[in-house]
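Trainee: What follows is a single structure, and I will ask about it in a moment.
Since every read-out is calculated from the coordinates, none of them should be taken as a lab result. Please read all numbers here as calculations on a predicted model, not as lab measurements. When we count neighbours, we look across all protein chains shown, and the Cβ atoms used for this are built from the backbone with ideal geometry, even at glycine.
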Amino acid sequence: MATEQISATDEAAVRRRAEGRAAARPSASGGSTPTAPSVTSLLDATTARLRSMHKSQVHRAPWPEPSSFDASAYPAALRRSAAVQWAGRARNEHGSVHQFSQLLHTFTRARVPVHIMGALSRLITDEVRHAELCAAAALALHPEGEGTEAFRFPLPGAPWQPPPAPEPDGSAEAIYRWAADVIITACCIGETLSRPMLTAVETVATDPYIEGVAAQILRDEHLHATFGWEALAWLVPRLDEDSKAWVKAQLPRRFAGFERSTARGVRVEHIAEQGITIEPGDPASPNLGTLSKPQYAVIYFATFEAEILPKLQELGFDAGWAWGARLPLLDG
Ligand SMILES: [Fe+2]
Ligand SMILES: [Fe+2]
């Protein structure tokens, strides 16, 4: 099989870099107890064989090589502000591993068909790849960021309740209802938004390493959104009327949650007035993969209007009602 051979020299160099970073992290007490971990701890060395297994499963050509990034070509402030966004993306991608693995674990208890488990397994390994790419980009851009707030790495979480167990009679209704809400949130909304976000990052970036990172992530995201819509289409006919009503009732706060974190206070009427666009980056004004607040907002509103709301409506959820009902929740 395609097990990659890693030379002892290569492996030793990787291990030294990772161990060197871990040793350089400050400790809370000044002794050997580490502080809250840095998101770059995702890149720490383990063993040569684990690294080989990971790479053959997760890396794909052309893999963007962090050492190809020339930090000396950019001002430190530009590198730092971009690294903050890449570290945030690494936390989000790691959060996707956390959330999708919870969904997969729960689906096994509902004994769903292998098509669902196999497709969802692909998403999990993709998100591991994305977490690695984003953490490596943050570190390449701003190696001074280790041990600082910019690279913080809190425990991952999820905006939904813990999954239910199967019901005593063996029915999977409670799990299906929970899973429909999770899939709408993480895939139908989250992954559908990821695709145009990454397209925009690739468009504005002026550095070939950063463009390569965005391109690697982007090649997976269309599949992730498709998984969400297909899995939801499979689930909906399996939900009873009470469950459908419960899932619909969650929509306004799911919409409001994404609007708070993505549009971040920019309202749809501001976007219409300002005519915000996303243009290819100009090397005379370097961009290391950052988007402005209005650019994030324009992607959010355009994708909801063109894709998310119509598809939810097609699947029988009253998305128009939910869009209106999100408004009172935005400031809460
Ligand atoms: Fe991702
Ligand atoms: Fe994804």
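Trainee: Give the lysines reachable from Lys248 as a straight Cα distance under 25 Å; neighbours fewer than 8 places away on the same chain don't count.
Mentor: Leaving aside lysines fewer than 8 places away in the same chain, those within reach of Lys248 are Lys311.
Trainee: Need one number: the % of Cα-Cα pairs in the chain sitting beyond the 39 Å mark.
Mentor: Roughly 18 percent, once rounded to a whole number.
Trainee: At what distance in nm do the modelled label points of His105 and Asp242 sit from each other, each positioned 7 Å from its Cα along Cα→Cβ?
Mentor: 2.7 nm
Trainee: What's the angle, to the nearest 10 degrees (0 to 90), between helix 173-183's Cα axis and the longest principal axis of the chain?
Mentor: Value to nearest ten degrees: 50.
Trainee: Please check: in the Gaussian network model of the chain (C-alpha springs, under 10 Å), which one of Val58, Val128, Val84 has the largest mean-square fluctuation.
Mentor: Val58
Trainee: Please work out how much length the chain gains when fully extended from Asp318 to Leu223, using 0.36 nm per residue of separation minus the C-alpha to C-alpha distance, in nm with one decimal.
Mentor: Full extension from Asp318 to Leu223 adds 31.7 nm.
Trainee: Taking all pairs of distinct Cα atoms, average 1/r, flip it, and tell me the Kirkwood hydrodynamic radius of segment 110-255 in Å to one decimal place.
Mentor: Radius from the Kirkwood sum: 17.4 Å.
Trainee: While we're here: Across 10 Å bins from 0, what is the distribution of all Cα-Cα pair distances for segment 193-266, in whole percents?
Mentor: P(r) for segment 193-266, in whole percents per bin: 16, 30, 32, 16, 5, 0.
Trainee: Pairs of Cα atoms under 8 Å, at least six residues apart: use those to get the relative contact order of segment 8-329, whole percent.
Mentor: Here the relative contact order equals 19 percent.
Trainee: Further question on the same structure: Angle between the Cα long axis of helix 114-141 and the longest principal axis of the chain, 0 to 90 degrees, nearest 10?
Mentor: 40 degrees
Trainee: Could you calculate the contour length gain from Ala284 to Trp63, that is, 0.36 nm times the residue separation minus the distance between their Cα atoms, to one decimal place in nm?
Mentor: So the extension gain works out to 76.9 nm.
Trainee: Count the net charge of all other residues whose Cβ sits under 12 Å from the Cβ of Val266, scoring Lys and Arg as +1 and Asp and Glu as -1.
Mentor: +1
Trainee: Shifting gears a bit: Sorted from fewest to most neighbouring beta carbons within 10 Å, what does the list Thr125, Thr277, Thr192 look like?
Mentor: Thr277, Thr125, Thr192
Trainee: Quick one: order Lys248, Lys293, Lys55 by neighbouring beta-carbon count within 10 Å, fewest to most.
Mentor: Ranked by crowding around the Cβ, least crowded first: Lys293, Lys55, Lys248.
Trainee: Moving on. Working from Cα positions, state the angle (0 to 90°, nearest 10) between the long axis of helix 208-235 and the longest principal axis of the chain.
Mentor: Roughly 20 degrees between the two axes.
Trainee: While we're here: I'd like the Kirkwood hydrodynamic radius of segment 86-151, using the inverse of the mean 1/r over distinct C-alpha pairs, in Å.
Mentor: Kirkwood radius, segment 86-151: 12.9 Å.
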